[in-house]
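Here is the structure we will look at.
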Amino acid sequence: MSKEFKRYLITAALPYANGPKHIGHLAGAYIPSDVYVRYLRSLGRDVVFVCGSDEHGTAIPNQALKEGTSARAIIDKYDAQIRSCFHQLGMSFDIYHRTSELIHHQTSQEIFLNLYNKGLLTEETSEQYYDEEAKAFLADRYIIGTCPKCGNLNAYGDQCERCGSTLSPRELINPRSTLSGNSPILKSTKHWYLPLQDYETWLSDWILKSHKDDWKVNVYGQCKSWIDAGLQPRAMTRDLDWGIKVPLPDAEGKVLYVWFDAPIGYISATRALFEELASGKAKYATPQSSFINPSKDGWKPYWQDNETKLVHFVGKDNIVFHCIIFPIMLHATGEYILPDNVPANEFMNLEGDKMSTSRGWSIEMHEYLADFPDKPDVLRYALLTNLPETKDSEFTWKDFQAKNNNELVAIFGNFVNRALVLTQKYFDNRVPTLGSLEEVDQKVLNDLKEFPSKIGSSIELYRFREATAHLIDLARLGNKYLAETEPWKLAKTGMTRVATILNISLQIAASLSITVEPFLPFTAEKLRGMLNFKKSKWSDAGSSDLLKDGHLLGEASLLFEKIEDEVIQAQIKKLVDSKKAMELSNQPAEPAKAEVSFDEFAKMDIRIGTVITAERVEKSKKLLKLQVDTGIDKRTVMSGIAEHFSPEDIIGKQVTILVNLAPRKIMGVESQGMILMAADKDGKLRLLQPNEAVSPGSTVS
C-alpha cells in the first residue's frame, strides 16, 4: 500500500434499523468495505472492522406507529433481520453492535459533555412546530404536508420521497402532525448547536488542501460545495422521547440528534469489542483477526494514535456527516484521529429508476437471500462489477444473469472445472509434475505473477470495479491457456506435455483461491476445498508452485450454476408487482359521501344471492346479463362487470345484491337489482362474498 500504517480501523455506515435494507445499500458501503478489509487481513495487517445498527432518530418511532408496535420492538426486529442478512452475505465485521446499548449511550454523552464543558456548543432558542393534542414538539419526520415542489400530499418535514427534494418543515403546505393529524402550532424551544462555521478554516485546510489528490472526486466535490457555501450552526439535540438523553439538568425531554450519536457508534462499537473480549463474554464481537488485543483499553490506539488509518465506507447521502460534521466533532474533542479517507459511493438505480423501498422499487437483501440462498457471491460479484464509485450506476436483472452465466459460469467456473476434471481423469486427481516450459507456458506464468499486485493496487485506490475486472481477467488467463494448449487432444499422443499444462492450470486455480477471497469469500472456501488447499496470504498468490507435485486434490464440483430466463422473468415481475402494490397502498381513498341517516340506510335490502347463469350482452364491452337466485326469486340483473369477469368465472358464485332497487331497463333488458362490488384503487372490481357459503336470501346487516 502507498503507506503502511501500524493498524487500520475500517467502518461501514450504520444501517438504520427502521426497515429492510436493499442491495443499493450493499453497493454503497458494505460490499466495498468487506473487500477492503479482507484484502488487508490477507496482507497480514492489524485491522479492526466495525459496524452496527443505528437505532435512534424519528424514523424508528414513526415505523412503530405504522406497524402498531413499540420502538424497541422495531429495532429488535430489523436489527435481527439486517444482522442475519449481513452474515449470509459474508460480511466479516469484528463486531456488529447496536446504538441502543448502554456503552453507546455513555460514549455519546461523554463526547457531548466534552464539547459542552469546553464551551464549544451554543445554546439557542427557536420556534418549532408543536402538537398541542400530543403535547410534543415535532421533529422533521413527525410532520407531513404538501410538497411545494411536486404537490405530494404526504411529504415529510425533511424530504419529499416522491420527488427527492430536501425540505424544511416550514416549507410544507398545510402541515399536519403524524401523531394526531392536527395542524401544529409554532412554539419556542431550546437546543444546543455545534457552530460549524467556527471550523471552516481548519476544515478547508484539512480537506481542500490535504485531501484534494487522494479523495474521490465526488466526495471532494460535495465537501467543497458545502464549505464554499459557508457552514451554518447545526442543532445537536432534538425534542423527542426516543434517543439518548441530553446529559444536562435543564434538558428534560431532549435527546441527542441522531446524526450526533450515530457516527459515535463506531467508537462505542470499538470499545464494546475490546470490553467484550477482555471480559470473555462476547455478545456482539466476532473477531476475525489475531491482532486484536483482548484488553479493556485496547480500543484506544485505534481511535487515538496517528499510526492508525481510519477509513469510513458510506453512501453518497452520508458524505457531509462523515466528512464535515463528525470530523469537526472529533477535532473539537482533541482526543481522536480523523479519517484518512471516506471513499463514498453514489447511488445504484434499479431497472431505470431510483431504488426506493417506500415506493416498492427495490430488491431487499432478505428477499434476495430467500430467492437465491445459494448465491450470495453472485450478488456480490454483480454489485462489484457495477459499483457507483464516482457516478450513479444501475442494476438490472438481465445484467445480473449475464454476469453469472457469461463470466462466473463460462469463464471462472469453466476454467476451474476443466482443470480439475482433466487432472482427475488423467492423473488420478493428483497434481502432475511440471516439465519443460514452452513459450506459451512461460508467458502465462509471467502474467500470473503480475495479477496479485494489479488487483491489490486497485483495491488500495478504492477502485473495486477495476479490481474485480482484474480478478476475472486472471480466470480468463487460465481459460485462454487451456483453450490454446488443448491438453485433451495432446493426451492422445503423450502425457508429459499434458502434465505441464495441467500443473500450470492448477497453480492459476490456487492463486484464484487466494485473490478471489476478498470478493467472493464463499467461492474461495469452496475452491480451496476442491483443491485441498489451505488458506494462504496475499503474498503467496502468483506463485508457480503453490500446489506441489503429487498433491492430492479434493472433489471437483461446479463453482457456479447457470440462471435460466424464467427465473429472471419471475424477479422482474415480482419487482413490477411490488411497485404497483405500493403505489396503490399510497393512493388516498375516495372521500366519504354525504351523511345518511340510519333510517335511510335501513331502507336498503341487501342479500346474498347465487349466480345461476351469465352471458355477455351484444354490442356492450361492460355488461353481463345474470340470472341470480336471491332466495326470494330468480331474477335478471344487468351488471357492468364484463371487463373484470368472464361468464364462466362468475356462474355458481355467491354475490351481494341490492334486491329492492327500483327496476330499470338497460340495453332493452329490465334489470331487477344491483350486484355490489369492491372497487380497488387500481380500478379492478372484486366480488363481495361471505367468508363461507350461506343460503341464498341471507340478509346483509
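The values are calculated or read from the model by the stated rules, or taken from the named source; none is laboratory data. What you see is a predicted model; the values in this text were computed from it and never measured. Here Cβ is always computed from backbone atoms with ideal geometry, including for glycine, and neighbour counts include all displayed protein chains. Note: accessible area is taken over every heavy atom of the protein model, side chains too, but ligands, DNA and RNA are not part of it. Shrake-Rupley method; radii C 1.70, N 1.55, O 1.52, S 1.80 Å.
Some values worked out for this structure:
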read-out: Charge dipole of the chain about the Cα centre (unit charges at C-beta), most positive-ward option of TRP299, LEU661, LEU553; value: LEU553
read-out: Sparse-neighbourhood loop sites, GluC sites (Glu not before Pro) in the stretch 574-651 - DSSP loop, at most 15 other Cβ within 10 angstrom; value: GLU595, GLU618, GLU643
read-out: Unit Cα scatterers, Debye sum, the stretch 231-299: log10 I(q)/I(0) for q = 0.20, 0.28 Å⁻¹; value: -0.81, -1.14
read-out: 0 to 90° range, to nearest 10: angle between helix 31-42 axis and the chain longest Cα axis; value: 20
read-out: Dipole moment magnitude, nearest 20 debye, the chain about Cα centre, only Lys, Arg, Asp, Glu C-beta charged; value: 1040
read-out: Relative contact order [Cα under 8 Å, 6+ residues apart], the stretch 292-352, whole percent; value: 41
read-out: Three-way shape label, the stretch 575-701, alpha-carbon gyration tensor, a/c 1.5; value: oblate
read-out: Accessible area of LEU113 in the full protein assembly, 1.4 Å probe (Å², nearest 10); value: 50
read-out: Proximal lysines relative to LYS149, as straight alpha-carbon distance under 29 Å, when same-chain residues fewer than 8 apart are discounted; value: LYS21, LYS66, LYS187, LYS224, LYS316, LYS354, LYS391, LYS579, LYS580, LYS681
read-out: Assigned charges on the beta-carbon of Lys, Arg, Asp, Glu; the stretch 544-701 dipole about Cα centre (debye); value: 920
read-out: Exposure of SER126 as accessible area (Å², to 10), given a probe of 1.4 Å and all protein chains; value: 40
read-out: 13 Å Cα-Cα reach of LYS296 towards aspartates and glutamates, excluding residues that sit fewer than 8 places from it in its own chain; value: GLU275, GLU276
read-out: Per residue, in Å², the accessible surface of the chain once ligands and nucleic acids are set aside, probe 1.4 Å; value: 45
read-out: For the stretch 476-633, size of Cβ-based charge dipole, Lys and Arg +1, Asp and Glu -1, in debye; value: 800
read-out: The stretch 203-362, Rg to Rh (Cα coordinates; Rh as Kirkwood inverse mean 1/r); value: 1.01
read-out: Restricting the stretch 232-331 to trypsin sites (Lys or Arg not before Pro) in coil, as DSSP defines it, with at most 15 other Cβ within 10 Å; value: LYS281, LYS283, LYS296
read-out: Tilt relative to the chain, helix 414-427 - C-alpha long axis, 0 to 90 degrees, to 10; value: 50
read-out: Partner lysines for LYS443 [C-alpha distance under 22 Å; skip if fewer than 8 residues away on the same chain]; value: LYS454, LYS480, LYS489, LYS548
read-out: MET638 - accessible surface, heavy atoms, 1.4 Å probe, Å² rounded to 10; value: 20
read-out: In the stretch 304-364, GluC sites (Glu not before Pro) in a DSSP loop with at most 15 other beta-carbon atoms within 10 Å; value: GLU307, GLU335
read-out: Above-threshold pairs, the threshold being 18 Å between Cα atoms, out of LYS6/LYS449; LYS625/LYS665; LYS77/LYS281; LYS425/LYS492; LYS403/LYS562; LYS375/LYS398; value: LYS6/LYS449; LYS77/LYS281
read-out: Positive dipole terminus of the chain, leading residue within GLY57, PHE326, LEU445 (C-beta point charges); value: LEU445
